[in-house]
Amino acid sequence: MHTVIRHPRLETRIFLRSLGWQASWNYARMQGLGLAYAIYPLLEQRYGSDGEPLRRQMKKYLGFFNTNPVMAAAVLGILVNFECHDRGDEGLRLATTLNSLYGAVGDAFFWGGIKPLTAVMALLCYVGGGGWWAPATLLIGYNLVHLGIRWYIYQAGVHHGFEVVELIHRWQLPRVKIAANYLTIVLLGVMVPVAAADRLPALTGSLLPQLGAAGMVIGGIVLLQRKMSLLQLVLAGALLAIILVGIGGGYG
Amino acid sequence: MNPGLVETLVWIVSSAFRIAGVGAVICLDRTAWGQLMISRPLVAGTLTGAACGSAATGLLTGAALELLWLTELPVGSTIPTDDTMLTVLAAGLAATITARQPNPDPETTATLVFLLVIAAILLAPLSRRLDDAVRHRNRQLITDAETLLLAAAPHRAAAVHLRGLLHFWGYAFAALLGAGVVALAILPPLFTAIPTGIHALGPPLLTTVMLAGTASLLSGMHQRHAVAVFAGTALLTSLVWL
């Protein structure tokens, strides 16, 4: 077996390869091949570029693997750490346990918390006349959190192994997600009147378009909960807008 | 052949290639590489619009579509609606058609975008099926990687993973190209047939799409008192506005 030389460049290379983690996502092994691809440079360094040990170890990484792609960075870091301490098999067993946990936590936090929050921040910027700043807000806002956490937990996993689990636990991501959701709701409450003010039929000086728009949203929630489809909701809203244009005699 | 017809055909095919070329790369960010949110409608729409001659139209389209499917989460093997592909198609078509008009006014553009948003909602189930097809296609990659491992080529076995990028790109490119050609052949004459009086409805109609998206997001977040918090903030904002 070759001597392990852990090197920042190798660590960065593995991290960059992990950004394409899901390119080969499939129903049989999900992210399994992605994991093998990401960690391959380390395996090659440890077991040489050819030979039976490398093939045997790589085969193990080709198994079933699925978790949230961002939180996967922590699992990958742990695997790198364990592999460097000749505990690769143990690392893979731990990864199996962590997958479902980080899948649930990561999906809820990133897809259900940060993504809606930054999207609504960007839309608020757009309806407020921010123009090109709107997509920039989304990209910068999301990636500050996303890439920051992704890189940090990967590094923590590589250097401290399983301790990263305790670190992530201390962050209380499910609670942060709930706070992010409420902030999103507040921002939506600001966005809707701003969007409606000069876009929906208006009676000058009245609150009708703003409150009418908020009322349409609440009505929409009720209808969606009663199993109305998105298409039906959009068409119903459009019909209402047409009627309001008729009554208001224009918009703006 | 009629020179006008040839010119139109060249415009249709070259525009569809532009939409597909740019769009398929943007679509990679959704699942295959990065998840840097370049694939969010607001960003994807603006980039596609810029590539097709009108970034502002792309931004308008992206803003309308941003919230509609935001609560659909890619949990486990669940495939959410591919709002990236739908946005790229809608924004690409809207920007291409708008850029061809001599003096496009905002109301006409908004009406066109509204119609494309309706088309995008209708195409949502197809986008999920396409994503599903890529993931089934990727199944073969596991077999290929294992075969290469047995053949003592571990480096090539690892590299098989990158073929998944080609699958995601290829499916998106083919779908966008096909849909782009058909839509560009049908849409412009259909759109000019709409009475100009109706165009004034564009901006309020697009706003209702954003309101429907807001309702969808609030409904899907499943937080206690969400409606009360929303209504209270909206009322306060409206009063401040007055």
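The values are calculated or read from the model by the stated rules, or taken from the named source; none is laboratory data. Computed from a predicted model, the values in this text were never measured in an experiment. Cβ coordinates were reconstructed from backbone atoms using ideal geometry, including for glycine residues, and neighbour counts include every protein chain displayed. Please note that ligands, DNA and RNA were not included when accessible areas were found on the heavy atoms of the full protein model with its side chains. Shrake-Rupley method; radii C 1.70, N 1.55, O 1.52, S 1.80 Å.
One compactness figure for segment A:109-251 is 1.38, namely its Cα radius of gyration divided by 2.2 N^0.38 Å. Charging the Cβ of each Asp and Glu at -1 and of each Lys and Arg at +1, and nothing else, the dipole of the protein assembly as shown about its Cα centre rounds to 680 debye. State the answer as a single residue: which of A:A95, A:N181, A:H169 lies farthest towards the positive end of the charge dipole of segment A:63-201, with beta carbon charges of +1 for Lys and Arg and -1 for Asp and Glu, about the Cα centre. So the residue we want is A:N181. Peptide B:118-124 is shielded by partner chain Cβ atoms: per residue, an average of 2 of them sit within 10 Å of its Cβ. For segment A:54-169, the C-alpha radius of gyration divided by 2.2 N^0.38 Å, with N the number of residues, is 1.30. Helical runs assigned H by DSSP (4 residues or longer) give chain B a calculated mean residue ellipticity at 222 nm of -25500 deg cm²/dmol, each run adding -39500 (n - 2.57) before division by the residue total.
Each residue was assigned an accessible area with a 1.4 Å probe, and for A:I221 the value is about 10 Å².
Across peptide B:134-143, the average count of Cβ atoms from other chains found within 10 Å of a residue's Cβ is 5.
Mean residue ellipticity, 222 nm, helices only, chain A: the sum of -39500 (n - 2.57) across DSSP H runs of n ≥ 4, divided by residue count and rounded to 500, is -24000 deg cm²/dmol. Kirkwood radius, the protein assembly as shown, all distinct C-alpha pairs, inverse of mean reciprocal distance: 23.9 Å.
Net charge dipole, segment A:109-251: roughly 240 debye, given to the nearest 20, about the Cα centre with Cβ charges of +1 for Lys and Arg and -1 for Asp and Glu. Near B:Q35, within a Cβ-to-Cβ distance under 13 Å, what is the net charge of the other residues, with Lys and Arg +1 and Asp and Glu -1? Once positives and negatives cancel, what remains is +2. How many angstrom lie between the Cα centre of segment B:177-239 and the Cα centre of segment B:1-63? After rounding, the separation between the Cα centres reads 20 Å. Legend: translational diffusion of segment B:196-237 by Stokes-Einstein, Rh = Kirkwood radius over C-alpha pairs, 20 °C, 1.002 mPa s; D = 178 µm²/s. For chain A, list log₁₀ I(q)/I(0) at each q in 0.13, 0.15, 0.16 Å⁻¹, using the Debye formula over Cα point scatterers of equal strength and ignoring solvent, two decimals each. Treating every Cα as an identical point scatterer, log10 I(q)/I(0) equals -0.87, -1.02, -1.11. Shielding by partners for peptide A:169-182, expressed as the average number of C-beta atoms from other protein chains within 10 Å of each residue's C-beta, is 1.
Contact order, relative form, for chain B: 27 percent (alpha carbon pairs under 8 Å, 6 or more residues apart, mean separation divided by residue count). Per the Cα gyration tensor, segment B:13-125 maps to an equivalent ellipsoid with semi-axes of 24, 15, 11 Å, ordered largest to smallest. Applying the criteria of a DSSP loop state and at most 16 other Cβ atoms within 10 Å to the chymotrypsin sites (Phe, Trp or Tyr not before Pro) of segment A:6-96 yields A:Y27, A:F64. Largest first, the three principal axis extents of the alpha carbons in chain B are 72, 65, 24 Å in whole numbers. Taking a straight Cα-Cα cut-off under 19 Å and skipping sequence neighbours fewer than 8 places away in the same chain, the aspartates and glutamates within cross-link reach of A:K227 are B:E72. The local environment of B:L60, defined by Cβ-Cβ distances under 14 Å, has a net charge of -2 under the rule Lys, Arg +1 and Asp, Glu -1. For segment B:110-242, the dipole from Cβ point charges (+1 on Lys and Arg, -1 on Asp and Glu) about the Cα centre works out to 200 debye, to the nearest 20. GNM remark for chain B: springs join alpha carbons under 10 Å apart, and the peak mean-square fluctuation among B:A124, B:A153, B:A231 falls on B:A231. The mean sequence separation of alpha-carbon pairs under 8 Å and at least six residues apart, normalised by the residue count of segment A:109-251, gives a relative contact order of 24 percent.
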